[in-house]
1. Report the residue count in the range A:165-195 for those that are out of contact with any Asp or Glu (no Cβ under 7 Å at 6 or more places or on another chain), of a type outside the set (Gly, Ala, Ser), buried (at least 17 other Cβ atoms within 10 Å of the Cβ) and touching a residue at least 60 places away in the same chain (Cβ under 8 Å).
2. Scanning for something surrounded by fewer than 23 Cβ atoms within 10 Å (Cβ to Cβ) and away from chain B (no Cβ under 14 Å), does the range A:299-306 turn up at least one residue?
3. Out of B:Lys159, B:Lys221, which single residue is surrounded by fewer than 19 Cβ atoms within 10 Å (Cβ to Cβ), basic (Lys, Arg) and either in contact with a helix residue (DSSP H, G or I) (Cβ under 7 Å, 6 or more places away or on another chain) or modelled with pLDDT under 90 (or both)?
4. Name the residues in the range A:221-261 that are over 19 Å from A:Ala85 (Cα atoms) and among the small types (Gly, Ala, Ser), would you?
5. List the pairs whose first member sits in the range B:475-499 and is farther than 20 Å from B:Gly244 by Cβ, whose second member is basic (Lys, Arg) and modelled with pLDDT of 90 or more, and whose Cβ atoms are under 7 Å apart, counting only residues at least 6 apart or on separate chains?
6. Those residues that are within 8 Å of chain A (Cβ to nearest Cβ) and either hydroxyl-bearing (Ser, Thr, Tyr) or buried (at least 24 other Cβ atoms within 10 Å of the Cβ) (or both), I need them from the range B:453-462; list them, please.
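The values are calculated or read from the model by the stated rules, or taken from the named source; none is laboratory data. None of these values were measured; they are calculated from a predicted model. Virtual Cβ from ideal backbone geometry, glycine too; neighbours counted across all protein chains shown.
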Amino acid sequence: MNSAGIIAVFMAALIFPGIILRTKSIASGRKGPGIFQPYKDISVLLKKGSIFSTTTGTIFQIAPAITLASLLCAAFFIPFGKYGALISFDGDFIFFSYIIALGRFFSIIAALDTGSSFEGMGANREAFFSMLLEPAFFILMASFAMATGYTSFTDIFINFYLSGNNFMLIFGLLGIFVFLQTAMVENCRLPVDDPKTHLELTMIHEVMILDNSGFDKALIHLGTYLKFALYGLLIFNLAVPPAWTLPVQIACFLVIQVVLAVIVGLIESFRARNKMNKNPKYILTISGVAWIAFIVILLVGERFIN
Amino acid sequence: MAFSAIIKAGLLCIPALIFLVPKSWKYLLTLILVLAGAVLTMIWSIPLLTDFTNTVGTKIIPLVSEGKLVLTIDRLSAFFIFVINLTVITGILYAYGYLKPYRNSKSNIQLSIHYFSYLLLHYSMLLVVMLRDGLAFLIAWEIMAVSSFALVIFDAEDKATLKTGIRYLVQMHIGMFFLLMAFLIAGKETGTVGFDSVGTYFSSHPNFGLFLLFFIGFGIKAGFLFLHTWLPDAHPAAPSHVSGVMSGVMIKMGIYGILRVVFQVQNDFLSIGLTILIVSILSGILGVMMAIMQHDIKRLLAYHSIENIGIIGIGTGLGVIGLAIQNPFLIITGFGGGLLHVLNHSLFKSLLFFSAGTVYQATHTRNIEHLGGLAKKMPWTALFFLIGSLAICGLPPFNGFISEYLIYIGMFRSLAHSSMYQSIILISTIVALSLIGGLAIFCFTKAFGIIFLGEARTTKADEATEARFTSILPQFIPVLFIISIGLLSAWFAQPVFSIVQEATPHPETIILTTPVLEDLRSINFAGGIFIGLVILILLYRQRHLKSRHIAYEPTWGCGYTAVTPKQQYTATSFVYNYNHLAKPLLQTRKIMEEIREDEIFPEKRTFVSHSEDLIRKYLADKPANWLLSLLKRIAAMQTGKIQHYILYAFLFMLLVLILTYLKIL
């Protein structure tokens, strides 16, 4: 049953992008595509040939594969409720965060490989913003480790609500907020980046992949869907106590994924993108919220004073 | 007895042969002597590192038949011997190709001095980690400083290099002064000067003061922030194989010294641990922050040494805090992670310096703004630099991740039962470490991307060719170790843990290492899965692309078709938004002349942006300049006229007279 986590990630990745798309189309009064449209797009991309820039070299060719592999590898660490992850060890979330960073490293240098100033701009922003985001995840995980006394995704989530302290709920909510925001920034969604913008100067993620086509672009899209699903499942694990029975958990899982996707879709429909130079402040605020979670833990654990 | 003394004296003279043999033999002789030294010391140290039972103890080798001068090798020394030999051997192998262009341009004696100093540096570093007697240690320490000075000024024709070298020599002696003071204070009680008397002193006095003296003395060598001001100049000035050895192992001698002292500390653990930790966090963050602003590739790497010394220091500081709060897990992972990072950093940093040196030889520039597109022209060098970059950023499945993981996991595990203050310390350190990781990625995507990717920005870069295999082959040694530490971590972590167990006897630490080693195996397994996934996807991709139409076109310019390499993103533009955020700390200045309104046809102008090391400015340059101007003013007395000197003598006698009269003297 340890593979429940990874199956759930793939499930979430399957429906998540479609629901966002559908929500956005409904919110803007369009008829819109079906929820599997993103995957139809991918199958179209797979049928197409590829164009490579003459400037690019090996890095550009291998980077999409490495990025996708890093995200797939990260999926091995995600548990599903009480069913632990496929690979679980103390500090697995450190590996999780760093392997995603490895994928990011390659997507950044792949963008620089094209020699395009637009893509350089995207590469720079991706590197800069994700660097600012880095502490938020670690503060949150440290607070989890402090609250539960465990240091792996599986153990943390299993023991999260076991203490019976209702204040953990506040903590859980803060955690969900941070994970959601992290997912938004990591995936370059609003309000940090607008995936549907039409001006290269204002993009982050999209501008990095201007020169990718065909198979590689399909891999990149799959990677983004997977990344969203990873965070979606982390949020699910935080929100649903593992003591609940499997059918209830599956139902909760589906509801949470749909709700999350709808929230993302609604945010994208009704919010404008931040001004680019306001983004650092916005991202650092996420770390600020994570700090609050830490303070909550100090309070809950009655660790003040001593 | 006399006969063996003669043999020993004779052995000591062999290195001097470097001066006598013809030019073409010098390299070979140095290589043989380096290998001889390495083999001899490895025979002594390997048994200590591979036997994990607690009974190994220390190995003592008497140097002189009578007297107390002995070489003492415990596990800590053995570990450093391994690190030293590995990088020094790679360095000398790499030097063969690197020094080739110099073989004709440099004179016989210059080359002799260079090779001799290299050998001396190797031997003196080995002696530093084996000698316990204070005086002998300081002599070895001094030989290390002087020989590395001789190596730094290899290009002494360049005035700037010479100036840098002298600056380095001066700062090393400031450190030496602190060490001498510390050893003498410790030795005053026991009558003997050496590391053993430090332990005796620590058992009967407050430890913090003496530790601080040692920390400053060793810290100058290690390049901790505030003590680092020699480092960013000396590394770029030296030839690349020397920078690799200096940054890879020589600065670690400072870490060795600090560890040697820390392992003997008896009280004041918390204040000592916090001092190390805070200085290290600042080194880590500010080191990488300043590195990002550098456009000189070797200077950038030099600032990264400060960052990595910070990471090693974070591990060490946590270990000491673990001793303070009696947390065996933090002890073992803190010290263990720090020590493993010593080995890791020596590997990837020397690799980065070597590949940067190859780039320099191919393009004759260290300014990354003039490079670009080298990956296609120098594929091996690009691969080495990439592996080094990934490892230095602490990314799995490479070795940097393993040591950072150990440091992280110690902190995360200790959070559960920590008090408020402890948890604040731990969580701040976690944040610092993650921020360092993020900044390092920012820095190395920039460095690798601008140097090796895109189009060549100048003709220098355009005409570059890959180095000869003599420069390529030696770099496989660090690569091999980087990957094997990343994928067979437990093999390397176990000796490191046994060092900590020996140095800080704590009954629980032996039991605690087993689960950590188990976790490391899981990490290696996950790393293996990742590599497997990459290979699978790439194989599928290749099969898939075979049946599809592939076209090659210029990079899409968003409608603009006359794109030139000059329009690429530069290193300066890559750090623009970062610079905006970090400005208060880094003080970047732009030097440019505005275009005046009455200028109808503007003339040629230059624009220079420059980032300043504030710490260096206020801690080293300003005081030095102040001292200089003071001395210059005093020098006004030196008029060269005999009458004035007689007047001075007269005034002095008058002063003595008055003081005696007033009974002050």
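1. Of the residues in the range A:165-195, the ones out of contact with any Asp or Glu (no Cβ under 7 Å at 6 or more places or on another chain) are A:165-188, A:191-194.
Going one step further and asking which of them are of a type outside the set (Gly, Ala, Ser), we end up with A:165-171, A:173-174, A:176-182, A:184-188, A:191-194.
Checking the rest, the ones that are also buried (at least 17 other Cβ atoms within 10 Å of the Cβ) come to A:168, A:171, A:174, A:176-182, A:184-188, A:191-194.
Narrowing the set further to residues that are touching a residue at least 60 places away in the same chain (Cβ under 8 Å) leaves A:168, A:171, A:174, A:176-178, A:180-182, A:184-186, A:188, A:191-194.
Qualifying residue count, the range A:165-195: 17.
2. No, every residue in the range A:299-306 fails to be surrounded by fewer than 23 Cβ atoms within 10 Å (Cβ to Cβ) and away from chain B (no Cβ under 14 Å).
3. Values: B:Lys221 fails: surrounded by fewer than 19 Cβ atoms within 10 Å (Cβ to Cβ).
Of B:Lys159, B:Lys221, the one residue that is surrounded by fewer than 19 Cβ atoms within 10 Å (Cβ to Cβ), basic (Lys, Arg) and either in contact with a helix residue (DSSP H, G or I) (Cβ under 7 Å, 6 or more places away or on another chain) or modelled with pLDDT under 90 (or both) is B:Lys159.
4. A:Gly223, A:Ala251, A:Ala261
5. If the second residue must be basic (Lys, Arg) and modelled with pLDDT of 90 or more, the pairs left are B:Ala490/B:Arg521.
6. Residues satisfying the conditions are B:Leu453, B:Gly454.
Here's the yes/no breakdown for (1) polar (S, T, N, Q); (2) out of contact with any helix residue (DSSP H, G or I) (no Cβ under 9 Å at 6 or more places or on another chain):
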| residue | (1), (2) |
| --- | --- |
| B:Thr564 | yes, yes |
| B:Tyr569 | no, no |
| B:Val575 | no, no |
| B:Lys590 | no, yes |
| B:Ile600 | no, yes |
| B:Tyr618 | no, yes |
| B:Lys622 | no, yes |
| B:Lys632 | no, yes |
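Residues checked against (1) modelled with pLDDT under 85; (2) more than 29 Å from B:Arg167 (Cα to Cα); (3) among the β-branched types (Val, Ile, Thr):
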{"residue": "B:Ile600", "(1), (2), (3)": "yes, yes, yes"}
{"residue": "B:Lys604", "(1), (2), (3)": "yes, yes, no"}
{"residue": "B:Ile642", "(1), (2), (3)": "no, yes, yes"}
{"residue": "B:Tyr645", "(1), (2), (3)": "no, yes, no"}
{"residue": "B:Tyr648", "(1), (2), (3)": "no, yes, no"}
{"residue": "B:Leu657", "(1), (2), (3)": "no, yes, no"}
{"residue": "B:Leu665", "(1), (2), (3)": "yes, yes, no"}
